[in-house]
Amino acid sequence: MPDYTIEDIEHWDSRVHEVVARFGLDTYPQEFDICDSNQMLGYMAYSGMPSHYPHWSYGKAYEKLKTLYDHGVTGLPYEMVINSNPSLAYLMRENSLCLQILTIAHVYAHNDFFKNNFTFRTTRPEFTMGTFKTHADRIRAYSEDPSIGIDKVEPVLDAAHALSLQCRRNIVVRKLTRTEQEARSIEAARPAPDPFWQIHKRAEHTAPELHKVPLVPEEDLLLFIAEHNPYMSAWEKDLLTVVHEEAQYFIPQIETKIMNEGWASYWHKRILEALDLPEAIHLEFLVRHNQVVRPTPGSINPYHLGLRIWERIAGEAEGRTTEEGGNGVQSTNHDRESMFQVRETDRDVSFLRRFLSEELARDLDLFQYEPKGEDLVISHVANKEGWPRIKESLLRTVGMGQVPVIKIEDADFGNNRTLYLRHDHDGRDIHLESAEKTLGYVHRLWGKEVALETIVSGKRTLFCVSEHGFSAKSLK
Amino acid sequence: MTTLHETIVRPYRPADAERSDRSAGDRLRHRQKIRESIRENIADIIAEESIIGKSRDKVIKVPIRGIKEYRFIFGKNSPGVGQGDGSSEPGQVVGKGEGQEKAPGDQAGDRPGVDYYETDITLDELTQIMFEDLELPDLERKKLREMPAYRESKRKGYRRVGIRSRLDKRRTVRARVKRKLAVSANPDTDPGNGRFPFHDDDLTFRHIVTDVRKESNAVVLCIMDTSGSMDTMKKYLARSFFFLLFQFICTKYRNVALVFIAHHTQAREVTEEEFFSKGESGGTFISSGYQKALDIIAERYHPSLWNVYAFHCSDGDNFESDNPAALKAAKEIAEMANLFGYGEIKPLGSRYYESSMLNIFRRLDTDNFQTVLIERKEDVWPSFKALLAKDRGAD
């Protein structure tokens, strides 16, 4: 049985909230659901959403989570919070009172981050629950429709899931309409004004290919296919839209993982320290806090890395003492202001680029590893020569950097309605088996031949999937 | 910055928790996918697993393909960044190449290898899938899957004493009624309408004795040609055939022994694993296998005590000179056995059609000898039925 009552939770929540307000964190209204471990596993499998459309992959995720949990390989997260307005978070009833307080504080910080960070501006948090519910209802309706049915819905969803992250990364930047794109390309094709035009030969004018589709390479694969495959029925297009919209909703969270977790860890520590906790709870809190933010050797713990950087921004790592006043408000207001600014205007890539210094990296003992034969071997450590390399690879792999950039070049390649894709190669080769299989999914959705141009071991290569199957050839 | 504090805490409601098994449908769908995947690879799995004569609860590890979720991801040559414990040096090994999880980052972190996994299924499920694959009729499937229910004891009369669970209530009550009638016939002892309780003497228990049915023994001799190339498909066909035979015999006899005889030019008695493992190359003397079978029957399984079932799988490629000896030995086995079958496995498209033992064995004219030709897995069940029709021990 839990060692607390609902009244305890409400009591501590209002105290936490007082401190949160005093610190100047700016949050949506907060809601907490108390759930048990099975429900928590369920929420985890469905990205936390109380309502989500069904797909076998979530069943698979659940089984995997449950197996790992039952065998004690992984624990459950203390907290799970949804970017919505009002924000919804789950508290697991098996947790101790200390963990609940810690979680509540952590959740408020995430809540503040969701509300203020610029990447989340496009997520429309006041509609989150409703949107996911409508998506679920629509997909269920298709699955139950006798003229469609689950056996047709599922293959489309399988394919859409495979491509869901192949989309524009910086959603805050507005996408140009076709007319605007045309105007721009006409503008770009116009010869530069030449003050000596009377004595010069007139520059050759090449008209832009305005009939081309897409006019500029297109990153939103699912949307493009939905718009440009004339043989796709309305419900199929709708499925692609649903999957695309969900991915768009989650991309800000992928893009700010380190910042967001660091931010929450930074604040839960400050909040709990300001709460004047009973000693037993305080000691447990110290243990739990260290469990959460300890480094995981061999990889990067976003909680740890994020927390260290935030502390540095707060001016604490420089050896300045934290002068917690009696009211718990730190006196270095300037630092606090710059922190709030950073949480608003950065995401992981810019955050790390700006604030992860060589000194901190050395302190964290960051290293870069590369595959060598069977093993992963450390190639650089954080010293004068190694640090720039490490920083470069770190910036490349955070957030959406884990997803290869693939753009649609031409939807009518060879006047054949072949979909021509190009991988923006940045030194990292694409994984071949996955590329072959995923390209198969593109083909399933596009319905005609698809081609992907990439570089494999330094050679330009073209993968094709048509009704005859997969083929690869190297290009000159 | 004091906002109205309006946090809502919703308490835990067990009823919700019980109703909220939201992933049940998706889990079911996922399992169906696994099952489909197994079914597609059933030939490979059966060809590699020892299934004959094993407990139905035996758990088998089966690799799963086809339910992986693919995305465009980076391949092997992409470097990563990690954090050390303060003593990292260039050249240190920090992990294995494939299957190493990167820093957690939502769904995008799927690396190849992580997703490839095995699942455990019981032999019972596996045979169920195999039966589906062989398209066994439902009725027969049931017959073969049911564990033979042998009554090892039977009821014999009643006793005054016994254990509570064998109390025969009906007879007990009857005994009381009888006693009451007897007692009330005598006016001295008539209890009238007073209480008339049960007495120890009323209690009647069923008596159970161990069944002393005649012991029923059977031995299944699996003889297989391990000479040429027994490829996966041939192994699958042979193994499923032997398996069916064994299951069938199990439903009819209580004590079933299994013997595996592998032969090329010489014969050896082996375990099931060895039996289906890669055979030696070289020529074939079918008679050697039969001779070994005869020896084993004479030594351990005398036909007066055992019902002998022998079955031989081969691709029919025997040395010309051995044919008379093989025919003779086959005749001998057929005389001793309830049933002797010869199955020639020739997957469609294989050569050597000309050298077939089927022509030779046509000369063997006994009613409990049966030859079958298996060309594809659909043939397994019809040939199996044809074979059993000749069972001498059949009722």
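The values are calculated or read from the model by the stated rules, or taken from the named source; none is laboratory data. It should be emphasised that the depicted structure is a prediction, and the values quoted were computed from it without experimental measurement. Cβ placement follows ideal geometry from the backbone for every residue including glycine, while neighbour counts extend to all protein chains displayed.
Values as computed for the structure displayed
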read-out: Selection within the stretch B:178-233 - among the hydroxyl-bearing types (S, T, Y), surrounded by 14 or more Cβ atoms within 10 Å (Cβ to Cβ) and modelled with pLDDT of 80 or more; value: B:T204
read-out: Which listed residue, of A:D348, A:D375, A:D335, is at pLDDT 90 or above and of a type in the set (D, E, K, R); value: A:D348
read-out: A:R121 within 20 Å of the chain's Cα centre (by Cα), of a type in the set (K, R) and on the phi < 0 side of the Ramachandran plot; value: yes
read-out: Out of A:H211, A:H200, sole residue that is within 30 Å of A:L439 (Cα to Cα), out of contact with any helix residue (DSSP H, G or I) (no Cβ under 7 Å at 6 or more places or on another chain) and exposed (fewer than 11 other Cβ atoms within 10 Å of the Cβ); value: A:H211
read-out: Odd one out for A:T128, checked against (1) part of a helix (DSSP H, G or I); (2) more than 24 Å from A:M40 (Cβ to Cβ); value: (2)
read-out: Residues that are assigned to a loop (DSSP other than H, G, I, E, B), touching a Phe, Trp or Tyr at 6+ places or on another chain (Cβ under 9 Å), within 14 Å of another protein chain (Cβ to nearest Cβ) and of a type outside the set (G, A, S), drawn from the stretch A:146-181; value: A:L165, A:Q166
read-out: First in the stretch B:251-273 and under 16 Å from B:A293 (Cβ atoms) and touching a residue at least 24 places away in the same chain (Cβ under 8 Å), second anywhere and surrounded by fewer than 18 Cβ atoms within 10 Å (Cβ to Cβ) and among the polar types (S, T, N, Q), Cβ under 9 Å, 6 or more apart; value: B:A257/B:N217; B:F260/B:T271; B:H264/B:S281
read-out: Members of the stretch A:31-76 that are surrounded by fewer than 17 Cβ atoms within 10 Å (Cβ to Cβ), of a type in the set (G, A, S) and within 27 Å of A:E154 (Cβ to Cβ); value: A:S51
read-out: Cross-chain or 6+ apart pairs with Cβ under 7 Å, the stretch A:32-46 first and within 7 Å of chain B (Cβ to nearest Cβ) and over 12 Å from A:L88 (Cα atoms), then surrounded by fewer than 21 Cβ atoms within 10 Å (Cβ to Cβ) and of a type in the set (S, T, Y); value: A:C35/B:Y12; A:D36/B:Y12; A:Q39/B:S20; A:G42/B:S20
read-out: Pair list, Cβ under 7 Å, 6 or more apart: the stretch A:438-467 residue closer than 17 Å to A:N416 by Cα, other residue of a type in the set (D, E) and in a strand (DSSP E or B); value: A:L462/A:E453
read-out: Checklist (1) buried (at least 21 other Cβ atoms within 10 Å of the Cβ); (2) under 19 Å from A:D363 (Cα atoms); (3) at pLDDT 90 or above applied to A:W263, failing item; value: (2)
read-out: Condition check for A:G326: at pLDDT below 80, small (G, A, S), more than 29 Å from A:N117 (Cβ to Cβ) and more than 25 Å from the chain's Cα centre (by Cα); value: yes
read-out: Subset of the stretch A:357-385 that is surrounded by fewer than 21 Cβ atoms within 10 Å (Cβ to Cβ) and among the small types (G, A, S) - its residue that is nearest to B:K76 (Cα to Cα); value: A:G373
read-out: Per-region count, the stretch A:57-94, residues within 9 Å of another protein chain (Cβ to nearest Cβ) and either in contact with a Phe, Trp or Tyr (Cβ under 7 Å, 6 or more places away or on another chain) or under 18 Å from A:K133 (Cα atoms) (or both); value: 4
read-out: Any hit, the stretch A:380-391, residues being more than 9 Å from chain B (Cβ to nearest Cβ), outside any loop (DSSP other than H, G, I, E, B) and within 27 Å of the chain's Cα centre (by Cα); value: yes
read-out: Complete set of residues in the stretch A:214-232 that are assigned to a loop (DSSP other than H, G, I, E, B) and either in the same structural domain as A:Y441 (by TED's automatic domain parsing) or surrounded by 11 or more Cβ atoms within 10 Å (Cβ to Cβ) (or both); value: A:P214, A:L215, A:V216, A:P217, A:E219, A:D220, A:N229, A:M232
read-out: Failed item, numbered, when B:F74 is tested on (1) touching a strand residue (DSSP E or B) at 6+ places or on another chain (Cβ under 9 Å); (2) more than 11 Å from chain A (Cβ to nearest Cβ); (3) buried (at least 17 other Cβ atoms within 10 Å of the Cβ); (4) modelled with pLDDT of 70 or more; value: (2)
read-out: Residues of the stretch A:403-420 satisfying the condition of being touching a residue at least 60 places away in the same chain (Cβ under 8 Å) and under 23 Å from A:I251 (Cα atoms); value: A:V403, A:V405, A:I406, A:K407, A:I408
read-out: Verdict on A:T241 being β-branched (V, I, T), modelled with pLDDT under 90 and either more than 30 Å from A:I300 (Cβ to Cβ) or in contact with a helix residue (DSSP H, G or I) (Cβ under 6 Å, 6 or more places away or on another chain) (or both); value: no
read-out: Within the stretch A:352-379, tally of residues that are at the interface with chain B (Cβ under 8 Å from one of its Cβ atoms) and of a type in the set (D, E, K, R); value: 4
read-out: Any pair with Cβ under 9 angstrom, 6 or more apart, that starts in the stretch A:1-20 at a residue that is among the basic types (K, R) and ends at one that is at pLDDT 90 or above; value: A:R15/A:I101; A:R15/A:L275
read-out: The listed residue being at pLDDT 90 or above, outside the structural domain of A:L439 (by TED's automatic domain parsing) and touching a His at 6+ places or on another chain (Cβ under 8 Å), out of A:A141, A:A136, A:A159; value: A:A136
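Condition check ((1) part of a loop (DSSP other than H, G, I, E, B); (2) touching a Phe, Trp or Tyr at 6+ places or on another chain (Cβ under 6 Å); (3) at pLDDT below 85; (4) under 30 Å from B:I45 (Cα atoms)) across all residues:
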{"position": "B:L126", "(1), (2), (3), (4)": "no, no, yes, yes"}
{"position": "B:A149", "(1), (2), (3), (4)": "yes, no, yes, yes"}
{"position": "B:G157", "(1), (2), (3), (4)": "no, no, no, no"}
{"position": "B:G162", "(1), (2), (3), (4)": "yes, yes, no, no"}
{"position": "B:S165", "(1), (2), (3), (4)": "no, no, no, no"}
